[in-house]
Every structure is written in C-alpha cells, then in structure tokens.
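Input: a single structure, listed below in structure tokens.
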Amino acid sequence: MNTSILGTFRYILNIILATIDHAFTSVGRKFVHTISIIIFILSIAFIVVLIKTDHTLDFKVLIRLLTLIGMGIISILFIVNTLSCAELFPTAIRNLAGANVATWNRIGCILAPQLIYLVCVFIFYH
C-alpha cells in the first residue's frame, strides 16, 4: 500500500514541480534543490524528535506521512541531478557524464546507511 501511495505522491510532486517551473521564471534548479533539502531535513528531524520522545505510537500516521513526504522529496533531487547533468555537458560527453552522475548517486545511496550504522557501532563500543 505504501508503495502505491509513494508512487502516486511522486507523480503528483513531479507534475506540481513541472507546472511551477514552467509558470515562474525565478524558480530554477538551485531553488528546487534547496527547498527539497529543507523539506527533507525538516521531515526527518520531526520524525527523530517523535521517536526520541517516545511518541511513535501516538503519531504513527504522522510518522508514516512524513516518511513518504521525505522519500518523495528525495526523488525530486535525483531528477534535478539528472537534469543538471544534461544541461551542463555538451552532447559528445553527455552520456558519459550522466552515467557518472547516476553511478555516484547509487553509490551514495548504498554507502550512506552503512556509514550511519558504523557510527552507531562506534559510539556503542566507545
């Protein structure tokens, strides 16, 4: 159920983003990137506060919604990275640059949870 909700939410976010980007000339890639990161950080920070204060059972629907919002917002960052790469590089090396960006995006997605896990283990044993 969450997968279908996330897919629908991502689709709606992308349509809203495309409409805003087309309607307003002042909204660019940097603005979208900054707003996406701010919304993601706020949603994750609010989830962490709820977990640390033991309110997970009281606000489980809110936590689920904030998680879906964070995941949907992060998908916008991947789109912005792809578009920026396509706009920055000339046609001759665009495919190589796009593959490089996609590879490092995926490596970051794989390594980030492992680094957080290592920090938790290091703090636990110290």
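The values are calculated or read from the model by the stated rules, or taken from the named source; none is laboratory data. As the structure is a prediction and not an experimental result, all values here were calculated from the model. FYI the Cβ positions are ideal-geometry reconstructions off the backbone, even for glycines, and counts take in every protein chain you see.
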Only one of these conditions is not met by V27: (1) within 20 Å of T3 (Cβ to Cβ); (2) among the aliphatic types (A, V, I, L, M); (3) not in a helix (DSSP H, G or I). Which number is it? (1)
Look at region 62-100 and say how many of its residues are closer than 18 Å to A45 by Cβ and either aliphatic (A, V, I, L, M) or exposed (fewer than 15 other Cβ atoms within 10 Å of the Cβ) (or both). 11
Limited to region 30-56, what total is found for residues that are in a loop (DSSP other than H, G, I, E, B) and modelled with pLDDT of 90 or more? 1
Restricting attention to region 101-126, and to residues there that are surrounded by 10 or more Cβ atoms within 10 Å (Cβ to Cβ) and aromatic (F, W, Y), which single residue is nearest to I74 (Cα to Cα)? W104
Cross-chain or 6+ apart pairs with Cβ under 6 Å, region 83-101 first and closer than 22 Å to D21 by Cα and touching a residue at least 40 places away in the same chain (Cβ under 8 Å), then part of a helix (DSSP H, G or I) and not polar (S, T, N, Q): S84/R29
